[in-house]
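Below is one structure, written out as structure tokens, with a few remarks after it.
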Amino acid sequence: MTGPLVHWGSSTTATPQVKVEQPRKEKRQQRLEELCAATIRALTGNGRLRFRGHRLEQNGKRLRIRAPHLYTDVSEDDFDSFRGAADGLALRLVHSDADLHASLMPDNGLERTLFEILEQLRVESLVGDDHPGIRRNLKHRFRHWCLHYHQSGMTENQVGLMLFTVLQSAWSRLTGYPTLEETEGLIEPQRAVLAPHIGTDLMGLRRQREDQAAFAQHALSLGRELTSIIEAGRPADDEDSERDESEIANSTEFSLILEEDETELDGLDASLASNRLRGERELSEALSQYQVFSREFDRELDAAKLVRLDQRRTLREQLDRRIQRQGINIPRLSRRIGRILAAPRLDGWQFGEEEGRLDARRLSRLVTSPAERRIFRQEQRRPHTDAQVCFLIDNSGSMKEHIESITLLVDVLCRAFEQCGARSEILGFTTGSWNGGKPFKQWRGRGSPANPGRLCEISHIVYKDAELSWRRARPDIAALLKPTLFREGVDGEAVQWAAGRLQASRANRKILIVISDGCPMDSMTAQHNPADYLDHHLQLVAANIEQTSDIELMALGVGLDLSRYYRRTLEMDLSQSMDNALFYEVVDLLASRR
């Protein structure tokens, strides 16, 4: 193994099955995937790896590692399975040549499936005895997946049973472990039938496991032999085996590895996915295709102009009572933020040191006291926070039921940021009216030309400017609680607006946190433009910021996983009470890798 072996420990007792209610499932899955990503980065020494949308990616590009037992589901798999999958992914990146593997990939679906899994089993067999925890995790994960394969009914047809037998035999030959006791009686007759045909290649797998090219030839031969055996045993008019192969290809266990390359990025059509991966120039060109029918009625407003002062004060009192009931430990939260955001900065000198730079003012002491050694000085560095954080809050209608909790969240965080020396601002975005408003009427008056682009008037609202202290902005922050401000939302343009404001800051670290509960939505724009018009624009805007700017973009999803749009995300469950743990989760997102 290469790279630092920072690793989770393996318990000697079985880990209980993880059972999670649906509202918490995605959150739990994200947490486990963050741990998996940290382990993979440590084992490979590659700091650019992360999970997004439950798939491993590097620099925004999904890695084509499709062995099905590497993909876990929190509702089906235990914690040790997640650890084993993480170890398997790391070993694949360290020990496998992806280009060579892709060049040898067969066309037949069943052969491709077998070839993919055998390559993964090869790299997993290379773990030495000096890493017993990794070996134990890998063994647990593959056994757990095999049991699930069997229990799901995949071994009830001839094709599925033969594939299962070959995989069990190859795994046992490569690792030295016995086959599953639970299925030993099931696969033994199949093994007797297959042995004369695949025995030589099985021995070759073990013998050539350290040579990927040579190993691949035996793996390909196994696939061809398996296909030949299935074809030879199938009558000319027998459609059952063909149906069996189709069921395997379409099953949950294999759907991940057989998907087409063009669907590597969910939610984007092929042209946009291609643009996203081609670099800054192509990304800018794709963004330039976004159209706005009219900007004449767009507005940028201060919250103080939208809500009367007496109403803001009333809403502030309401918010203060809620904050007081929550009992949030703001000083501790501030210290935690400070440890994440602070960086050392030169703050004078320490004199009278026994090493460092020579202090000319103390040279005379060498004459009076030749044994004196405290004639040096050293730079004194203290932690300093030089950061600006921008909260961009979705003010669409569906956010009204959550807005009190969200206002509490950003108010407390802004106060904590200020206490540790960071500046903050709070922005919101909505539309000026429902159903398009004046731009939509203007478009209809001009004959309703096709593909008009955005057909609404947007409103960008400043609740707290970065130059304003939290204390002075307190009433304006409470304006978030006014329900009549919430209409529809155009997220992509709002993110561009917030990023532009943040880019003008001189802060060393710039952080943009989007808080939303779903996809962009403006009814008139959606009806009169290509499908997912606003969705695609948001994806391109987020990708452009993440790839080409120094702004750290992250998102807090209100009951929803926003990884479809943003790389760094956290799903929040605001139906529960807002305790210190939720705030710590948000703060920990600041420390996650880009």
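The values are calculated or read from the model by the stated rules, or taken from the named source; none is laboratory data. Please read these numbers as outputs of a predicted model, since none were measured by experiment. Quick reminder, even Gly has a Cβ in these numbers, built from the backbone with ideal geometry, and neighbours come from all protein chains shown. What goes into the accessible areas is simple: the full protein's heavy atoms, side chains included, and nothing from ligands, DNA or RNA. Shrake-Rupley method; radii C 1.70, N 1.55, O 1.52, S 1.80 Å.
Restricted to segment 37-90, and to residues there that are outside any strand (DSSP E or B) and of a type in the set (S, T, N, Q), the residue that is most open to solvent (accessible area, probe 1.4 Å) is N59. Sort out which residues of segment 441-495 are of a type in the set (S, T, Y) and either within 22 Å of L553 (Cβ to Cβ) or outside any helix (DSSP H, G or I) (or both), and write them in order of number. Hits for segment 441-495 are S448, S459, Y463, S469.
Table: residues versus (1) open to solvent by less than 10 Å² (accessible area, probe 1.4 Å); (2) in a helix (DSSP H, G or I); (3) modelled with pLDDT of 90 or more.
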residue: L93; (1), (2), (3): no, yes, yes
residue: L114; (1), (2), (3): yes, yes, yes
residue: L118; (1), (2), (3): yes, yes, yes
residue: D129; (1), (2), (3): no, no, no
residue: R136; (1), (2), (3): no, yes, yes
residue: H140; (1), (2), (3): no, yes, yes
residue: R143; (1), (2), (3): no, yes, yes
residue: L174; (1), (2), (3): yes, yes, yes
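Residues considered: E418, E457. Of these, the only one that is over 29 Å from the mean Cα position of the chain (by Cα) and open to solvent by 10 Å² or more (accessible area, probe 1.4 Å) is E457.
Taking (1) of a type in the set (D, E, K, R); (2) touching a helix residue (DSSP H, G or I) at 6+ places or on another chain (Cβ under 7 Å); (3) farther than 26 Å from S592 by Cβ in turn, E116 satisfies each apart from (2). Residues in segment 559-584 that are of a type outside the set (S, T, Y), open to solvent by 40 Å² or more (accessible area, probe 1.4 Å) and touching a residue at least 12 places away in the same chain (Cβ under 8 Å): G559, L560, R564, D579, N580. Evaluated against (1) open to solvent by 30 Å² or more (accessible area, probe 1.4 Å); (2) part of a helix (DSSP H, G or I); (3) at pLDDT 80 or above, F215 falls short on exactly one condition, (1).
Regarding segment 496-516, can at least one residue be identified that is in contact (Cβ under 8 Å) with a residue 40 or more places away in the chain, in a loop (DSSP other than H, G, I, E, B) and crowded, with 20+ Cβ neighbours inside 10 Å? Checked segment 496-516: no residue is in contact (Cβ under 8 Å) with a residue 40 or more places away in the chain, in a loop (DSSP other than H, G, I, E, B) and crowded, with 20+ Cβ neighbours inside 10 Å.
Apart from one condition, D347 fits all of (1) open to solvent by 40 Å² or more (accessible area, probe 1.4 Å); (2) at pLDDT 85 or above; (3) under 30 Å from L590 (Cβ atoms); the exception is (2).
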